[in-house]
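Structure first, commentary second.
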Amino acid sequence: MATADRTPRLHIVTGKGGTGKTTVAGALALALASQAQRVLLVEVEGRQGLAQLFDTPPLPYAETRLAVAGGGEVAGLAVDAEAAMLEYLEMFYSIKRAGSILRKMGAIDFVTTIAPGLRDVLLTGKVKEAVTRTDRTGRPSLDAVVLDAPPTGRITQFLQVTNEVAGLAKVGPIHRQSQGVIDLLHSDLTRVHIVTLPEEMPVQETLDAAAELRAAGYRLGRLLVNRTRPAWVSAGRPNPALLARGLTAAGLDPALAPALADEVRDYGRRQDVQARAEADLEQAGVPIIRLPELPPPLDLGSLFELADALDVPAWAA
């Protein structure tokens, strides 16, 4: 399905470590693919998290089909900085052979070590190539790209590093490439989504990241609150005697009542924490989507369940 010219096509997913960022990125890719879209899911941290998530062998530096959903499909790509540099050298300087020699000498590792920012430039450059690639008719080759990005603690630095390179290289292919990445990341083709948990620390880091990203000129998409629980109970500890009667009526052991009362109280406390966290998130002024807490281990079926909860067709550009 072809997308409208200015419909967001690059979805950057970030979040504090442990919030389920990679899982939600995978679910978002499936949700987009279910709209008969061709979606590329990209990881840049070298963890092979997508391979684990989709239960496939480690992903190569090549687009590899991960799943089919609703007439569309999700391909995965693990971007490797070394491979991206070799591709860059061949694309802009036609020195494929020299690039291979550099790899054998270990020069690429050396360069990316002494200039850590270069690694992020190469990674974002590859993402930009995927988003802007066209087919023979001039249409985008991909309807959407979902980037499983670094965590909130360094997401702004990751996105901003290309600005620094563009400032150093005033002319030539490096400058043009860097400027193209900057233009894409700040355009209305790109949205940054933040994954969080309904807990105090992740919520505060989310609010800080949202403010920082806005100040740097990036467009926020959704706040995705992962592992939320339904509001099933009232606050406080229920009366064990009443619970005992209910257990007896249900043919269960009434001796379970005190322990069950404690469980209900703890659940209510968690509900209160969740409600306060969600109220705090409203400060960001960004649409909030609540994702259910699913029992482990997560599998492909779990990803599809999360994809349904995202309700992507209802998202406004």
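The values are calculated or read from the model by the stated rules, or taken from the named source; none is laboratory data. Quick caveat: nothing in here was measured; it's all calculated off a predicted structure. Cβ atoms come from the backbone with ideal geometry, glycine included; neighbour counts cover every protein chain shown.
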**Asked** Based on what the data block shows, is residue 217 in contact (Cβ under 8 Å) with a residue 24 or more places away in the chain, over 17 Å from the mean Cα position of the chain (by Cα), in a loop (DSSP other than H, G, I, E, B) and surrounded by fewer than 16 Cβ atoms within 10 Å (Cβ to Cβ)?
**Response** yes
**Message:** Please verify whether residue 47 is closer than 19 Å to residue 158 by Cβ, of a type outside the set (Ser, Thr, Tyr) and over 12 Å from the mean Cα position of the chain (by Cα), treating the condition exactly as stated.
**Reply:** yes
**Request:** Mind listing whichever residues of the stretch 229-271 are under 26 Å from residue 308 (Cα atoms) and out of contact with any helix residue (DSSP H, G or I) (no Cβ under 6 Å at 6 or more places or on another chain)?
**Result:** 229, 230, 232, 267, 270, 271
**Message:** Looking at the stretch 293-302, can you tell me whether even one residue there is surrounded by 14 or more Cβ atoms within 10 Å (Cβ to Cβ), modelled with pLDDT of 95 or more, out of contact with any Asp or Glu (no Cβ under 8 Å at 6 or more places or on another chain) and of a type in the set (A, V, I, L, M)?
**Reply:** no
**Request:** Quick one: which residue in 169, 209, 235, 231 is hydrophobic (A, V, I, L, M, F, W, C), more than 30 Å from residue 262 (Cα to Cα), out of contact with any Leu (no Cβ under 6 Å at 6 or more places or on another chain) and modelled with pLDDT under 95?
**Result:** 169
**Asked** Is it fair to say residue 294 is outside any helix (DSSP H, G or I) and touching a helix residue (DSSP H, G or I) at 6+ places or on another chain (Cβ under 6 Å)?
**Response** yes
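Do we have residue 249 as loosely packed, with under 12 Cβ neighbours inside 10 Å and more than 30 Å from residue 74 (Cα to Cα) here?
yes
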